[in-house]
1. Name the residues whose placed amide hydrogens come within less than 5 Å of the amide hydrogen of residue 405, ignoring near sequence neighbours (fewer than 5 apart) on the same chain.
2. Once phi is turned into θ = phi - 60°, what whole-Hz ³J(HN,Hα) does the Karplus curve with 6.51, -1.76 and 1.60 give for every residue of the stretch 430-445, x standing for Gly and Pro?
3. Give me the net charge for the shell around residue 396: Cβ to Cβ below 10 angstrom, other residues only, Lys and Arg +1, Asp and Glu -1.
4. Considering amide H positions built from the backbone, and no H for Pro or chain starts, which residues 5 or more places from residue 422, or on another chain, come under 5 Å of its amide H?
5. Would you please calculate the Kirkwood hydrodynamic radius of the stretch 330-391 over all C-alpha pairs and express it in Å, rounded to one decimal?
6. Place +1 on the Cβ of every Lys and Arg and -1 on the Cβ of every Asp and Glu in the stretch 132-248, take the dipole about the Cα centre, and give the residue among 214, 224, 244 whose Cα lies farthest towards its positive end.
7. Order by neighbour count: 140, 282, fewest other Cβ atoms within 10 Å first, most last.
8. Go through 182/309; 344/420; 320/426; 199/242; 309/426; 229/278 and tell me which ones have a Cα-Cα distance over 25 Å in this structure.
Amino acid sequence: MKKKNVGKLVLLFLSMFFVYLIGTNYVQNYASATGDSVEKDGLIYELDNSGHAVLSGVTKERGAARPASVRRFLEKEKPYCFSFIAKEPNVAKWGNPLTIEKAVVIKGCVYEVNRIGDGALKECKIGRVVVPNSVRFIGYKAFTGCKFLESVVIPESVEVIENLAFEGCEKLRSLEIPNSVKILGDGVFEGCSNLEYAKISNSVLKISMRMFASCKRLESVVIPSSVTKIGEFAFRDCSNLKNVIILGKLTEIEESAFWSCYRLENINLPDSVTKIGKQAFYYCQSLINIEISGLVKIIKDSTFCNCAKLTNIRIPSSVKEIERAAFWGCSSLEVIQGLSLVEKIGDSAFGSCLSLKSVKLPNSISNVGKKAFSNCSRLKNVEFEDGFVGSIESKAFFGCLGLKCVRLPKRSSLAIDVFKNCQGIKSIAFEEGSNLGAIWRDNQWEIFRILDSRIDRTTERVYVNGSLI
């Protein structure tokens, strides 16, 4: 009996030792995944691989998730452990302002806090924050959704503010980004709907994608001399933005950068600009005048579409192509200057320019696209430069009710319905020697070749070389 009992004790001891080893390995893995951490005033600080401390989150009682590395470990190893509903803290509990430690003590050693981690204070109810001058990095979504945040003081120590760091901070009214900041990530202030003023660092090279998108109370912006590029959707839906001052040698404005800034009145584009992206100024209804740089080669798709107050545009000699709907809906546009070296005018490029009265098409043009000048109802004069041989596509002048007389070049290629719905035209003339004619049929003008056997000259109104035959 004694031997049996001893055997049972040995087995029990070995089992317990085995469990201990497994548990120790689990704890070691957990520790290596999370790093050492400390909690102070509801904020959790962790050590990172560089030997610095990171503000990584807040305690569950304070209302946010656990530190990022803890989340990663639990989600990977024990997914079911990370299932709780976080309750948000009361603004008053955080003090005014929220104090982020400059340094913390972990296991008897002092570590400088040099980063506010990814999502560290996401959706927390905080009113004011002073970032300590030890912090160099503000992480991805660090303050996203802090709807009560009104003020943030960023010190000269900060070098990088990552993507969406302050996205959706709806009460944030002003912000100064110190010159130490070299990188501002995408969508940093997107949806800060009450932001009225933002001073941008003189070290930033790019206004990143969606940086100020939907900042609906932003009225004025100064782009510092360091910036060479304004990214996609950077100021999209900034519905109160009136003035943009560009100080430096900006080279590129990307797609939809100022989309629906419908109160934008003034923007100075420097001569250094080489590219303006499609829809860059789409629906900027208050824009009256804009100077396009002599380095721009293409006016892209819908670049100035629906700029309803734009009265005058000068196309620089560098421009070879005006793409689809580039100036569509510019209902106040009266004069187009500088088409002399343009080679292609895209579909609907100047469609619905209701105030346009005269157009001179140079002989450099190889193609005038479909509906290029459609519904320009006040257009009275279309002049073709001597030697014009380009093609004019379907409905190019559709609905131009103000046209009375038209003289067309002899060697160009014209679609049959170029002047459809131009009921005001009384005669169409062609240069001497042209093999084209025009016919009034079914209350529409049609272009035809003179030898076309389908034309019945006895019953239809036919013009050849400007004479009714």
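1. Close amide H contacts, sequence-distant or interchain: 426.
2. Going residue by residue, I get 10, 4, 4, x, 5, 9, 10, x, 10, 9, 9, 9, 6, 6, 9, 8 Hz, with x marking Gly and Pro.
3. +1
4. The answer is 399, 445.
5. 11.7
6. It is 244, whose Cα lies furthest towards the positive end.
7. Values: 140 20, 282 25.
With the sparsest Cβ surroundings first, the list reads 140, 282.
8. Values: 182/309 37 Å; 344/420 21 Å; 320/426 34 Å; 199/242 16 Å; 309/426 32 Å; 229/278 15 Å.
Those over the limit are 182/309; 320/426; 309/426.
Taken together, the values in this text are just the output of simple stated rules run on the coordinates, not laboratory data. Small disclaimer: the values here were computed from a predicted structure and weren't measured. Positions of Cβ are generated from backbone atoms using ideal geometry, with glycine treated the same way; all protein chains shown enter the neighbour counts.
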